[in-house]
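Following: one structure in structure tokens, then a few remarks.
Nothing in this text is a laboratory measurement; each read-out follows from the coordinates by a stated rule. These numbers come from a predicted model, not from an experiment. Note that each Cβ is placed from the backbone with ideal geometry, even for glycine, and that neighbours are counted across all protein chains shown.
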Amino acid sequence: MTLGVLAVLGMAFTMFAGFWTDWLWYRSVDYSSVFTTTLWTKIGLFFVFGVLMALAVGLNIWLAHRLRPPLSAMSMEQQNLDRYRMGIAPYKKWLLLGIVSLVGLIAGASAAGQWRTWLMWVNGVSFGQKDPQFHLDISFYTFDLPWYRFLLGFGFAATILSVIAAALTHYLYGGLRITSPGARATAAATGHLSVLLGVFVTLKAVAYWLDRYGLAVKSSDFKATDSWTGLRYVDANAYLPAKTILFCIAVICALLFFATLWRRTWQLPVIGFGLMVLSAILIGGLYPAIVQKFQVQPNEQAKEAPYVEKNLKATREAYGIDDASVTEYAGKSTTTDKTTLRDDVDATASIRVVDPNVVSPTFQQLQQMRNYYAFPTNLDVDRYSKDGKNAGDQDTVIGLRELNLAGIPKNNWINDHFRYTHGYGVVAAKGTEADDEGRPVFTESNLPSQGDLGTYQQRVYYGEKTTTYSIVGGPQKEIDYSDDDGEKTYSYKAKSGVNLSNPVNRAAYAVAFSEPQILYSGAIGEGSRILYNRTPKQRVEAVAPWLTIDGDAYPAVVKGKIQWIVDAYTTTNGYPYSSRTTLGDTTADSLTATNNQRAVVAQQNQVNYIRNSVKATVDAYTGQVKLYQWDTKDPVLKTWMKAFPGTVEPKKDISTDLMAHLRYPQDLFKVQRELLARYHVEDADTFLSGSEVWQVPDDPTNKSGDAVPPYYLSMKMPDQKAQAFSLTTTFTPNGRDNLSAFMAVDAEAGTSDYGKIRILKLPTNTTVNGPKQVQSQFNSEQDIAETISLLNRGDSNVEYGNLLTVPLDGGLLYVEPVYVRGGGLKYPLLRKVLVTYGGNTAFEDTLDQALNKVFGADASTTPPPEDDGGTKPPPTAGNPTVQQALNDAQKAFDAGQEALKKGDWEAYGRAQDDLQDALKRAEDAQAAANKSGGSSAKPSSSPKPTGSPKPSGSPSPSGSPGG
């Protein structure tokens, strides 16, 4: 008995711990209303529908028992069941209670899972648009119809269970007979069961009526698309009248069942039910097939065209692509002035040669600083001005130095959860530049981070790699960071997380996290707080469970704080006539396929309407979550804002500094490009013919076979006057590799053109190379192939960066950075840049060199080299020590270049060390000369060895920080 009581108490406390810790967490992030609204909705649905199901089944069992015939009237068959009746007689009430409780619990649990459906139905707002078939507001299909279908399904379940329960009870107590001669059922049993069957057929009539509207959101395979939604010719002209006829037949059949109460015979209802089944086969199945075979197929294009037009219009509206601008693009330049073309490149695009999906290991090697820090596998692209303090015209690759528990000196409970609790600092680099050795040009680096971003809270307690809990703020000090003076400690100051001073809280978390040390550890005391649910995606999903979260959160420095920016979507699969797409498949590309750490939005969630309705932020230090209304017209968001008032802040509350870092989300763009591959046409005949179907090409830079990801790039489309931060992609014809279109969306929030989709459609009568063909062209050029083979020699290997496409003067410019990793270096360095335009290809050390070669002209905007007019004496004049050091530097540089040509990375590393040592000696000698009254010129002004050797202060190839 004691063990039993303890077991029950243990189970009860486990359930309480889960509930209590959830409540504490929601209260800690100031979203307790989400928890309470969701909880009370689930409880209400559970009890209402659980009680209804229990009453329905229990009432019919009780009624069947009440209508049992007297024992004297029972047949021999029924008397043989007497021992069963006698066996359950003492437990009759408890058995009835157990049955109704079980079905009530199951029904209640099922109904509780429909809390979203209930909230959308009770809070639904109008779309202000009507469907083209039934002329009902779209909200009927998105908010009302799902709830009606749930009620109908519940009614069917309750009726079927009641029929089964009543039939078994009637049989047990003599109301029904199977083998006995004479009547098979008593009059009471006949009346009871006929009413239940009448209710079932009535529900079937309601189902037929709702099915009429369901045709507008019905999915079906179609010639032009496998995700077709809405009525086709056969639906409108066969299924729709068939459902109406079947509704009428079902109503008549239901009346016949109810009439059995007076007629006491099954003859008419059975005939009626048989007629309904036969009608369902003939009218609901055979007739539509005949219409499809003999009316539609002989003239399908003409028959389906009006319905295709409805589908085209609805799909474009539902995915926000109805305003996409499609313009013809020649695909070939007619400008003969090469200098003009060369200058146009700089005006058209800020070409990013630093690929955020390749250089993470470089950031890791050069800026990790400590093994217990790490960067995401894929870095992010943002915009900062030249001074780095505000968003502007400099594309910047950015990442946070996050906590990496796998790299701490010794893993144990205290280290993992108390001492090593956070990452430290932002690391950022220019997206359009690399230094002379192919490394990123950092604008924010070192530990603590210093650079252009100014002063901000650098500690990162919440991040994409922070997946475990930490206990902070108590007696145990945390490792903050390390420098030349040793380790610095810190104690968390924010009020984030849940306070563990309360013993009940500690016990609840000890159970919830299966960690008993939380209950009794001396490392927890006054002020201790537990932080968990620490990734940005987790936090936004938790506070807004009705949103679908984008797979890529990205950091930005905003007003002295690191803020994670998360894009969130409202979706539905009930938009009439709009075709469906599976988000998990549509948002997959070569990056999501190879990077398990990047979350794919919504997995296999099917939708046919999507809006980027919310922009969310998560503070990297405090974990504070804010939701901002972004799409002010979205009726789905308005519905959820009614259901959860006060959780979403108005758009006007977005600060100017935050607005400057908001961008068009990648996952939405990928969904839209997938739809636009077919729905860029507005003509039904062209859509049906399939002649204009495009596809997103596979990523040519790797062998994954997955779609090429979209790329952020500051560029100017032909109809734009200046560059804009954009998200770009390419299309190829279905089944072919040549280019069919280029697509870009203005990704810069706060501008009038934000979200405007522009598509440049290439002529079908000419062939323009697509990404795969361009990559093949790169690889097939003999000089390029030989150089790549040289770079791939030994333990070195080549990694291709993003293949960027830029529309330029009627033609298309392709640019691809080429990285080399190996030869003792554990990270990729930018070694070459591939460029092709108009059939000309270049493979040079820098982007400028490659562009100059492709166009056969230098850019006129290139600043001329500084010239002092000969008025200053050579800085090394009269200082042989400086001169000797510079001579040594030139020799070291030449040796490095020779080693680079041979692919000898070990010799290259030694040469770079010698080069840095020589430059340091020159600097020291010149400083000594200046101090003693010598030349006032600085060594940094003196001529550098040819080819611009490695600047002082850059990390050496081994990865250790330089000067």
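Per 5 Å bin from zero, what fraction in whole % of the C-alpha pairs of the range 769-855 is there, up to the bin with the longest pair?
Spelled out per bin, shortest first, that is 3, 15, 25, 26, 16, 9, 4, 2, 0.
Hey, how many Å between the Cα centroid of the range 451-491 and the Cα centroid of the range 302-351?
So the two Cα centres are separated by 47 Å.
With viscosity set to 1.567 mPa s at 4 °C, what whole-number translational diffusion coefficient in µm²/s follows for the range 199-296 from Stokes-Einstein and a Kirkwood radius over Cα pairs?
89 µm²/s
What is the order of Met11, Met659, Met276, fewest Cβ neighbours within 10 Å to most?
Fewest-to-most ranking of Met11, Met659, Met276: Met11, Met659, Met276.
Mind scanning Lys204/Lys293; Lys626/Lys651; Lys703/Lys772; Lys130/Lys218; Lys204/Lys243; Lys430/Lys488 and naming the pairs with a C-alpha gap bigger than 20 Å?
Result: Lys204/Lys293; Lys430/Lys488 exceed 20 Å.
Hey, could you get me the Stokes-Einstein D for the chain, Kirkwood radius over alpha-carbon pairs, 37 °C and 0.692 mPa s, rounded to whole µm² s⁻¹?
This corresponds to a translational diffusion coefficient of 98 µm²/s.
Highest mean first, what order results for 373-379, 212-218 on Cβ atoms within 10 Å?
Per-residue Cβ counts within 10 Å, averaged per peptide and sorted highest first, yield 373-379, 212-218.
What nm value, rounded to one decimal, do you get for the distance between Asn765 and Arg263 when each label is placed 7 Å out toward the C-beta?
Placing both labels 7 Å beyond Cα along the Cβ direction yields 7.4 nm.
What is the distance in Å between the Cα centres of the range 653-719 and the range 541-572?
Rounded to whole Å, the Cα centres lie 21 Å apart.
Sort 122-135, 43-56, 667-680 for me by packing, meaning the mean count of neighbouring Cβ atoms within 10 Å per residue, highest on top.
Highest-to-lowest ranking by the protection proxy: 667-680, 43-56, 122-135.
Where does each of 794-801, 396-403, 361-368, 261-268 land if you order them by average Cβ count within 10 Å, highest first?
396-403, 361-368, 794-801, 261-268
Taking Lys338 as the anchor, which aspartates and glutamates have their alpha carbon closer than 18 Å to its alpha carbon, excluding any fewer than eight residues away along the same chain?
Answer for Lys338, where 18 Å is the Cα cut-off: Asp346, Asp809, Asp848, Asp858, listed by chain and number.
Of the options Leu808, Thr686, Tyr31, report the single residue whose Cα projects farthest towards the positive end of the charge dipole of the chain (beta-carbon charges: Lys, Arg +1; Asp, Glu -1).
Result: Tyr31, furthest along the dipole toward the positive end.
Taking only the alpha-carbon atoms of the range 148-274, what semi-axes of the equivalent ellipsoid follow from 5 times the gyration tensor eigenvalues under a square root, in whole Å, largest first?
37, 16, 12
Jot down the per residue volume, in cubic angstrom and as a whole number, of the convex hull over the alpha-carbon atoms of the range 467-533.
98 Å³
May I ask you to list, by number, the DSSP H helices of the chain whose Cα span along the axis is at least 20 Å and whose average Kyte-Doolittle hydropathy reaches 1.6 or more?
Helices meeting the criterion: 240-263, 267-281.
Show that you can apply the helix-only estimate: for the chain, add -39,500 (n - 2.57) for every DSSP H stretch of four or more residues, divide by all residues, and state [θ] at 222 nm to the nearest 500.
Helix-only estimate at 222 nm: -13000 deg cm²/dmol.
Please report the antiparallel percentage of DSSP beta bridges with both residues in the chain, rounded to the nearest 5.
For the chain, the DSSP antiparallel bridge percentage is about 95.
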